[in-house]
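What follows is a single structure, written as structure tokens, with notes after it.
The values are calculated or read from the model by the stated rules, or taken from the named source; none is laboratory data. Predicted model only: the values in this text are computed from it and were never measured. Here Cβ is always computed from backbone atoms with ideal geometry, including for glycine, and neighbour counts include all displayed protein chains. Calculation scope for accessible area: heavy atoms of the full protein, side chains included, ligands and nucleic acids excluded. Shrake-Rupley method; radii C 1.70, N 1.55, O 1.52, S 1.80 Å.
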Amino acid sequence: ATFAAAAGPAGLLPTPKAAHVGEGRLDLAPATYSFLGTPSPRTDYAVEVLAQVFGTAPRQSAGDRAGVRLRLVATRDELAAAARALKLPAAPPDRWQEAFVLDCGMSGAGVRLTGGPSGLIYGAYALSHLRRHDAHRLTLPRCAVSDWPTLLTRAYTGVPRDPTAKTFLPTLDWLARWRLNACYYEIYGDQGQDAVPEAVARLHQECARRGI
């Protein structure tokens with residue numbers, strides 16, 4: 001395997017902080033996952049993202065038999081240990097909650113994704129970037145990745161003003177895919193908006209489960 005500090009596996013964006021790239025590709029099957037940690041709305045969302053990886057909603061399974069093994073860490077030290085096991089650098093102390101360590105067949109069979117609360121989401125989206133259909137097979141490059149956002153706050157202003165619009169949730173999914181963790185919702189008094197719409201409560205809920 002080779003070490004790439006400024007380049008990762010082909011197809012992975014953003015470019016990871018560090019990666020080992022192995023030879024060949026790993027079959028991703030079956031469409032199952034296991035989870036270790038305390039469930040939360042954010043971990044539920046990470047599982048939803050796995051549906052994009054598999055092309056179907058995955059079933060929860062026992063750890064060793066699962067296609068993707070998810071582990072939510074509660075401390076930076078736990079995440080750092082996962083990175084060290086793959087000889088990769090760990091996230092800085094102020095970034096571990098948004099960091100992840102991905103092991104695609106480099107230390108054993110299967111896929112292991114370890115991360116903080118938002119890191120699991122970003123890691124799941126990384127898998128969606130890496131997976132490829134080869135005939136009737138779903139494959140991933142053999143690789144190990146340690147990654148985290150460079151900036152603490154990453155914001156966007158293009159959220160639909162109507163939280164009930166059909167484009168609302170897909171916009172939030174787009175923010176999460178590209179690791180944006182803040183958005184602006186503006187109220188225009190000169191256009192008749194003199195109070196916060198009740199639907200903004202849904203905006204807050206949907207943002208929170210995506211790490212926004």
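Side notes on the structure shown:
- Charge dipole (debye, nearest 20) of the chain; +1 at Cβ of Lys and Arg, -1 at Cβ of Asp and Glu: 700 debye
- Estimated from helices alone, the mean residue ellipticity of the chain at 222 nm is -8000 deg cm²/dmol (sum of -39500 (n - 2.57) over DSSP H runs with n ≥ 4, per residue).
- DSSP bridge orientation in the chain - percent antiparallel, rounded to nearest 5: 65 percent
- THR38 contributes an accessible area of around 100 Å² to the protein surface, as traced by a 1.4 Å probe with all chains present.
- Probe 1.4 Å, accessible area per residue of the stretch 81-212, Å²: 48 Å²
- Mean projection area, nm², convex hull over Cα of the chain: 12.6 nm²
- Computed over protein heavy atoms with a 1.4 Å probe, the carbon and sulfur contribution to the accessible area of the chain reaches 54%.
- Degrees, to the nearest 10: 119-130 long Cα axis against longest axis of the chain: 70 degrees
- Taking a ≥ b ≥ c as the square roots of the eigenvalues of the Cα gyration tensor, the stretch 85-166 is classed as oblate, since a/c reaches at least 1.5 and a/b does not exceed b/c.
- Here the spin labels are modelled as points 7 Å beyond Cα on the Cα-Cβ line, and at THR38 and ALA165 they lie 3.7 nm apart.
- Using 0.36 nm per residue and subtracting the Cα-Cα separation, the extra length available between ALA57 and ALA199 on full extension is 48.3 nm.
- Computing FRET efficiency as 1/(1 + (r/R0)^6) for ALA109 and TRP178, where r is the C-beta to C-beta distance and R0 is 35 Å, gives about 0.70.
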